[in-house]
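> Okay, handing you the structure first.
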Amino acid sequence: MRALLGRAVAASSVVVLVVACGGADEPGASPRPRPPTRPSPEQGAAADRLLTGPDWYRHAVFYEVNVRSFQDSDGDGIGDLPGLVSRLDYLKDLGVDALWLMPINPSPFKDSGYDVADYGDVDKVYGGKPAFDVLVREAHARKMRVMVDLVLNHTSDQHPWFQESRKDKTNPKADYYVWSDTDGRSDVACGTYSAQFGTSAWAKDDQRGQYYYHRFYPGQPDLNYKNPAVVSAVLDAAKGWLDSGADGFRCDVIGLLVETADPEQCSMAPETQAIIRKLRALLDTYPDRAMVAEPLLGDARAYYGSGRDMFHMAFDFSYGYFWGVAFSARSRKLVDVSMAQSAAFPEGAQNALVIGSHDVQRAFTVASGHEWRQRRAAEIQLLRRGTPFVYYGEEVGLRPGAGVVVDSRDSARTPMTWARGPGHGFTKGTPWLAFGPMADETSVEAEDRDPESMLTFYRSLLAFRRGRAVWSTGAERVVGLDTGSVVAFLREDGAERYLVAVSLSEEEVDAALVERPAGVAEVVWGDGALGADGRLKLPARGSAVFRLR
Ligand code: NOJ
């Protein structure tokens with residue numbers, strides 16, 4: 001192995017301390033320059049082409065924004081839409097093409113906005129509807145798209161529909177929710193989503209004298225999708241957002257819409273699929289819109305339908321949320337399984353790839369507090385076939401917080417840290433939720449010009465893949481190895497071929513590929529060597545992308 005493996009490679013700087021990787025085992029190759037943090041003009045032009053037209057979402061990099069925690073503009077300690085607008089240039093520069101906004105509707109905030117009290121409006125605390133219009137205009141002016149969260153399974157108990165429905169058994173909205181005389185119903189076989197939301201999915205409403213079904217918190221009664229009036233009311237709400245310029249939807253737990261008697265069908269009844277097809281048909285009457293499903297854990301196949309009539313994308317949680325379970329051979333298996341599942345998706349389906357979100361622990365936490373592990377996970381996320389969704393703060397390695405306003409998931413919802421010092425550039429007031437630790441060190445200000453920082457790493461990796469369709473839509477295939485501590489896969493688009501090799505090990509790796517893909521290997525990202533004999537060498541905690549020609 002060449003000098004590179006003998007040289008000390010700092011845990012947090014594998015990517016930038018790359019040396020001598022011109023080709024497979026060429027002695028004396030000169031040190032590789034640091035990867036650029038910005039794409040070339042040619043890449044930029046290619047990206048613009050890929051991002052134009054109905055398939056834009058396949059080539060976009062999405063960014064999940066917790067608006068409440070992103071940027072406060074008026075000093076009330078709560079992030080808002082004008083604040084987000086002021087950070088669009090930062091996001092554009094990072095390489096973000098589209099935003100997914102966590103719910104911004106009026107809400108009593110019993111579940112971070114996933115308890116919607118008005119589908120058609122934007123909470124005043126975020127700037128109201130006019131602020132959304134400005135956001136869409138400003139984002140579109142920068143060729144960025146805006147996707148909103150559509151929470152259709154349930155509303156808040158403060159929603160006027162529920163307020164009316166609970167009055168008695170005969171009012172016009174009496175059948176908008178799932179009511180029962182007892183705390184159960186034989187045609188509703190599904191229970192609560194998780195321990196987080198309580199042990200019973202039925203709550204007594206004293207006003208109506210009946211129980212209502214709530215899959216999540218008691219303040220989130222489930223809508224009754226067996227009632228056609230509910231279906232048309234929510235489709236109207238969706239239409240309102242499309243008319244307002246939203247580029248599509250992230251659909252919250254949409255597989256749960258229709259309750260069934262068959263527990264096997266809890267997560268996606270045929271009637272639910274029919275409603276999703278209606279939503280898709282509505283979307284398709286607008287140009288260049290897309291929607292992504294939040295599937296229940298497991299295989300997302302049921303969300304794609306024919307590949308053209310249900311979701312454009314569905315989150316792949318099989319790897320995304322659990323990649324760090326052991327960060328070992330187990331992680332590699334997760335990638336294998338996920339790739340095998342994706343291979344069975346219908347033509348047209350596009351995986352949405354994540355390593356974190358507002359529902360799970362921070363990527364840094366899942367990486368058991370090791371930046372290098374988060375970087376390796378991000379490489380798998382960003383170099384697999386699919387559309388990546390970066391969760392805000394991942395790019396600076398935001399640490400988990402300890403404060404709680406809603407529930408324990410708040411540890412991954414702390415305010416973004418833009419600068420050193422009080423308020424961290426997020427607010428001039430008191431933040432609604434306490435900052436996580438190391439807020440100075442993980443601020444954009446601190447990381448901006450540091451060649452070793454997480455932010456520089458993310459910028460470089462996003463620049464590396466920009467405008468190159470092979471990463472978003474090229475074929476992917478797992479490559480076998482005689483070790484469990486490396487994830488290796490092939491990416492291919494016509495004549496363009498790459499082998500991605502990501503180490504999960506703290507030791508140097510010297511392994512054998514089960515099958516050496518043909519071609520001379522040139523390292524184009526990271527550090528390593530791939531011999532003609534199929535031997536793969538990676539530095540401790542390292543990774544490499546080999547271009548094969
Ligand atoms: C999934 C959302 O991501 C989560 O945050 C929320 O609690 C539940 N759905 C209920 O809406």
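No value in this document is a laboratory result; all are computed from the given coordinates. Remember, predicted model here, so these are calculated numbers, not experimental data. Don't worry about glycine lacking a Cβ; one is built from the backbone with ideal geometry, like all the others, and counts go over all protein chains shown.
> Please list, in order along region 381-389, the HN-Hα scalar couplings obtained from phi with the Karplus expression 6.51 cos²θ - 1.76 cosθ + 1.60 (θ = phi - 60°), rounded to whole Hz, x for Gly and Pro.
With coefficients 6.51, -1.76 and 1.60, one gets 4, 8, 10, 7, 6, x, 10, x, 10 Hz.
> Then there is this: Could you derive backbone 3J(HN,Hα) for region 425-432 from the dihedral phi with the Karplus parameters 6.51, -1.76 and 1.60 (θ = phi - 60°), listing whole Hz in sequence and x where the residue is Gly or Pro?
Per residue, the Karplus-derived 3J(HN,Hα) values read x, 7, 8, 8, x, 9, x, 4 Hz.
> Once fully extended, how much extra length lies between SER408 and ARG34, figured as 0.36 nm per residue of separation less the alpha-carbon to alpha-carbon distance?
130.7 nm
> One-quarter of the Cα convex hull surface for region 160-213, in nm²?
4.0 nm²
> PRE reach from LYS143 (point 7 Å along Cα→Cβ): which of region 434-467 fall under 13 Å by backbone N?
Within reach of a label on LYS143, which here means backbone N under 13 Å from a point 7 Å along Cα→Cβ, region 434-467 contributes 466-467.
> Moving on to the next point. Could you pull out every one of the aspartates and glutamates with an alpha carbon less than 17 Å from that of LYS169, ignoring same-chain neighbours closer than 8 positions?
Result set, ordered by chain and number: ASP157, ASP181, ASP183, ASP205, ASP206, ASP222.
> Taking the Cβ of VAL405 as the centre, find all other residues whose Cβ is under 12 Å away and add up their charges (Lys, Arg: +1; Asp, Glu: -1).
Around VAL405, the charge tally is +1.
> Still on this structure, I have one more. Quick one: which of 424-433, 516-525, 357-366, 339-348 comes out on top by average Cβ neighbours within 10 Å, and what's the full order, highest first?
Most protected by this proxy first, the peptides run 357-366, 424-433, 516-525, 339-348.
> Each label point is 7 Å from the Cα along the Cα-to-Cβ direction; what then is the distance between the points at ALA419 and THR52, in nm?
Label at ALA419, label at THR52, 3.9 nm between them.
> To the nearest 0.05, what FRET efficiency results for GLU496 and ALA540 with a Förster distance of 45 Å applied to their C-beta separation?
0.95
> Given GLY305, VAL337, VAL366, which one lies farthest toward the positive end of the charge dipole of region 284-379, if we put +1 on the Cβ of every Lys and Arg and -1 on the Cβ of every Asp and Glu?
It is VAL366.
> Considering amide H positions built from the backbone, and no H for Pro or chain starts, which residues 5 or more places from ASP222, or on another chain, come under 5 Å of its amide H?
VAL178, TYR213, HIS214, ARG215
> In whole angstrom, how far apart do the alpha carbon centroids of region 499-527 and region 255-270 sit?
First find each Cα centre; the distance between them is then 44 Å.
> If you don't mind, there's one more thing I want to ask. Cross-link candidates for LYS129: which lysines have Cα within less than 16 Å, leaving aside residues fewer than 8 places away along the same chain?
Correct list for LYS129: LYS239.
> In nanometres, what is the gap between the two model label sites at ALA475 and ALA45, each 7 Å from Cα along Cα-to-Cβ?
Computed distance between label sites ALA475 and ALA45 equals 3.0 nm.
> When a/c reaches 1.5 or more, the comparison of a/b and b/c decides; with that in mind, is region 116-194 rounded, prolate or oblate per its Cα gyration tensor?
prolate
> Return the long-range amide H neighbours of ARG250 (sequence gap of 5 or more, or a different chain), with a cut-off of under 5 Å between placed amide H atoms.
VAL148, ASP149, LEU150, VAL292
> If I histogram all Cα-Cα distances within region 124-258 using bins 5 Å wide from 0, what percent of pairs lands in each bin?
2, 10, 17, 20, 16, 13, 10, 7, 4, 2, 0
> Take the alpha carbon atoms of region 71-102, find their center, do the same for region 428-443, and report the distance between the two centers in whole angstrom.
What the calculation gives is 16 Å, centre to centre.
> Continuing with the same structure: Could you work out how far the C-alpha centroid of region 367-396 sits from that of region 461-485, in angstrom?
Each part's Cα centre sits 13 Å from the other's.
> If you split all Cα-Cα distances of the chain into 10 Å bins from zero, what percentages do you get per bin, shortest first?
Over the chain, the share of Cα pairs per 10 Å bin runs 4, 18, 28, 26, 16, 7, 2, 0, 0 percent.
> Now for a different question. Please sort 200-208, 105-113 by packing, taking for each peptide the average over its residues of neighbouring beta carbons within 10 angstrom, highest first.
105-113, 200-208
> In sequence order, what are the phi-derived ³J(HN,Hα) couplings for region 522-538 according to the Karplus relation 6.51 cos²θ - 1.76 cosθ + 1.60 with θ = phi - 60°, rounded to whole Hz, with x for glycine and proline?
For region 522-538, the Karplus-derived couplings read 10, 6, 10, 8, x, 7, x, 8, 10, x, 4, 7, x, 7, 10, 10, 9 Hz, x marking Gly and Pro.
> Run through every distinct alpha carbon pair of region 327-376 and return the Kirkwood hydrodynamic radius in angstroms, one decimal place. List each step's numbers first, then the result.
Numbers: mean 1/r = 0.0794 Å⁻¹.
About 12.6 Å for region 327-376.
> At ASP510 and ALA274, where each label point lies 7 Å from the Cα along Cα→Cβ, what is the point-to-point distance in nanometres?
In this crude label model, ASP510 to ALA274 measures out at 6.4 nm.
> Let's test the formula: R0 of 22 Å, r as the Cβ-Cβ distance of VAL520 and ASP482. What FRET efficiency results, to the nearest 0.05?
Computed FRET efficiency for VAL520 and ASP482 comes out at 0.45.
> Near the amide H of ALA419, under 5 Å away, which other amide H atoms are found, from residues 5 or more places off or on another chain, if H is placed in the peptide plane?
Under 5 Å from the amide H of ALA419: GLY425, PHE426, VAL444, GLU445.
> While we're here: Could you compute the net charge surrounding GLY240? Neighbours are other residues with a C-beta less than 12 Å from the C-beta of GLY240; K and R count +1, D and E count -1.
The answer is -2.
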